[in-house]
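Beneath this line is the structure, given in structure tokens, with notes to follow.
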Amino acid sequence: MSGLTDKTIAELRDGFRSGEFTAVEIAEGFNEAVAASDRLNAYVEKTPELALEAARAADAAKASGDLKPLSGIPIGMKDLFATEGVLTSAGSKMLANFKPPYESTVSGNLKAAGAGMLGKLNMDEFAMGSSNETCAHGNVISPWRREGSNAALTPGGSSGGSAAAVAAGIAPGATGTDTGGSIRQPAAFTGICGIKPTYGRCSRWGIVSFASSLDQAGPMAKTVRDCAIMLGAMAGFDPKDSTSIDAPIPDWEAGLSSDLKGKRVGVPKEYRIDGVPGEIQKLWDQGLEWLRDAGAEPVEISLPHTKYALPTYYIIAPAEASSNLARYDGVRYGLREMVEGGGLHDMYKATRADGFGAEVKRRIMIGTYVLSAGFYDAYFTKAQKVRALIKEDFRKAFETCDLILTPTAPSAAFGLGEKMSDPLAMYLNDVFAVPASLAGLPAMSVPGGLDDAGLPLGLHLIGKEMDEQTVLNAGLAIEERAPKIDMPEKWW
Ligand code: GLN
């Protein structure tokens, strides 16, 4: 059935419920689109039969009046979520053949809410990257292109497969994870929405770990409403994750309202960073106008430790990663490289040398260095202290405002290969995203418009702890006012 793959999750849900089309028709439509999308390299594993199985169950549930919130909706799953019996490679050769015997809490929650799974989505190796170029399966290509150019662009990272899939209409929504911007930056690069909830809202159980004190799952979809719907199904207390928050999950969709009367929007003066293109500055000002038009009152705020956020992140995240990735030793699971005549240490070395890619190795080296006896206090302890100061900046700022508006990323999508030789330029991509990650705050990217080359730019909203609703509502206010972005025409 044509046209189904252009629809939002809310439209699919409502059309399915009113009998306009069946769940099987939806699943077949997306399965077909997925099968014809190999040039994008967004899916590393396709599971059309799982999408169909959930669709048949949804059609039966409709007949018996037993519908669940996501009945009839197939989604794409970032390959970082353990999915029972289905490849979970985390974008790494290390886990190239790993089929977990268990299901992550978040993917299990989505299943329990009736969603089907179209397949597993490509990503940077162990979620380390901003362009999807560190992936063992080859990079994702964005469905977007600059006007008048066929040059291949990045969809952003690390949830680049998720972002590309939603923008290309090969998933109506997808899961992402965000450690330092990996939901928000790819959402901005591909003209879609993505929200990282408060740290602890979504269980990390069964998500392959990168940096445990930062990792957080969230939805990526075409609209703010779709994000609210998906997040409602993904979030929830989980005793299996000791950092999971035991608090009720609000009905975010029912709470959506773009009336921002009485809300104060903070604009951090330290986010006016040199070298950010004029177009992004303009969009930021425009975003503020839209929020003002929705009833909000702009206020200038100060987040004085902003300039330390990126170096702090690039100490803490690699430190935690080096510890988390110690488990890939060739003994318990994943790749094992035996060395002829060699001993245990030879196997460790050969396995890790072969199984990890260059960026992952760089992070492990940085991480072990900053945790080493001689440098622990100078780097790791110092970074923890700065992290506390960054958190305190936000706490103070939220005494005078209810949410914060910034750009999502310092540029539009860049070309594949453009930044791979310069890790610092690549890390700079996260400059606006990382402070909210360090503070554990909910933050969202919504499309704001197109740049001069016709590429999407995102606006970034940061909220108070546990206040996803205000973030979503401000996102809705922007979505209602921003020029509507047409997704790219199919060329793949
Ligand atoms: N780009 C950042 C990094 O490489 C963020 C990654 C993420 O959020 N998973 O660490």
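At a glance:
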| read-out | value |
| --- | --- |
| Charge dipole magnitude, Cβ of K and R +1, D and E -1 - the range 310-366, Cα centre, debye nearest 20 | 160 |
| Area projected by the alpha carbon convex hull of the range 214-253, averaged over all directions, nm² | 3.2 |
| Carbon + sulfur, % of accessible area of the range 258-314 - ligands and nucleic acids excluded, 1.4 Å | 50 |
| Accessible surface of the range 352-492 [probe 1.4 Å, protein heavy atoms]: carbon and sulfur percent | 58 |
| Rg/Rh for the chain, where both radii come from Cα atoms and Rh is the Kirkwood radius | 0.95 |
| Dipole-positive endmost among VAL267, SER213, ALA235 within the range 208-269 (Cβ charges, Cα centre) | VAL267 |
| Percent accessible area from carbon and sulfur atoms, the range 1-105, protein chains only, probe 1.4 Å | 48 |
| Calculated [θ] (222 nm, deg cm²/dmol) that DSSP helices of n ≥ 4 give over the chain, each run adding -39,500 (n - 2.57) | -11000 deg cm²/dmol |
| Peptide ranges 177-189, 281-293 listed from the most packed, as the mean C-beta count within 10 angstrom indicates | 177-189, 281-293 |
| DSSP beta bridge pairing in the range 1-133, given as percent antiparallel to the nearest 5 | 45 |
| Point-charge dipole on Cβ atoms (K/R +1, D/E -1) for the chain, about Cα centre, debye to 20 | 820 |
| For the range 1-123, the spread of Cα positions along each principal axis, largest first, Å | 46, 31, 20 |
| Rounded accessible area per residue of the range 93-250, 1.4 Å, Å² | 23 |
| Under 25 Å from LYS7, Cα to Cα: lysines that are on another chain or at least 8 residues apart | LYS46, LYS62, LYS68, LYS78, LYS111, LYS120, LYS196, LYS222, LYS484, LYS490 |
| Whole-Å distance, taken between Cα centres, linking the range 239-253 and the range 443-475 | 23 |
| Whole-percent pair-distance distribution, where bins are 10 Å wide, for the alpha carbons of the range 365-427 | 16, 24, 32, 26, 2 |
| Using distinct alpha-carbon pairs, which all enter the 1/r mean, Kirkwood radius of the range 394-464 in Å | 13.6 |
| Cα-based shape type of the range 352-492, given that a ≥ b ≥ c are square roots of the gyration tensor eigenvalues and the cut on a/c is 1.5 | oblate |
| Label-point gap, in nm, between LYS269 and LYS490 - each point 7 angstrom along Cα→Cβ | 5.2 |
| Mean-position separation - Cα centroids, the range 95-166 and the range 382-417, in angstrom | 24 |
| Computed over the range 148-275, the ratio Rg/Rh where both radii use C-alpha atoms and Rh is Kirkwood | 1.00 |
| Dimensionless Rg over Rh [the range 263-322; C-alpha; Kirkwood] | 1.12 |
| Computed Kirkwood radius, in angstrom, where 1/r is averaged over Cα pairs of the range 116-169 | 11.2 |
| Rounded to the nearest 20 debye, dipole of the range 64-208 from Cβ charges on Lys, Arg, Asp, Glu | 140 |
| Rg ratio (alpha-carbon, reference 2.2 N^0.38 Å) - the range 340-386 | 1.54 |
| Size of the range 271-367 as Cα extents on the principal axes (Å, biggest first) | 71, 24, 24 |
| Beta bridge orientation in the chain: antiparallel %, DSSP, nearest 5 | 70 |
| Candidate aspartates and glutamates for bridging to LYS269, where Cα separation is under 12 Å - those fewer than 8 sequence places away on the same chain excluded | GLU300 |
| Sequence of LYS490, LYS307, LYS391, LYS484 when ordered by accessible area, the most exposed leading, probe 1.4 angstrom | LYS484, LYS307, LYS490, LYS391 |
| Accessible surface of ASP354 - all protein chains present, 1.4 Å probe, nearest 10 Å² | 60 |
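The values are calculated or read from the model by the stated rules, or taken from the named source; none is laboratory data. Keep in mind the model is a prediction, meaning the values are calculated, not measured. All Cβ positions, glycine included, derive from the backbone under ideal geometry; neighbour counts span all protein chains shown. These accessible areas exclude ligands, DNA and RNA; they are computed on the full protein's heavy atoms, side chains included. Shrake-Rupley method; radii C 1.70, N 1.55, O 1.52, S 1.80 Å.
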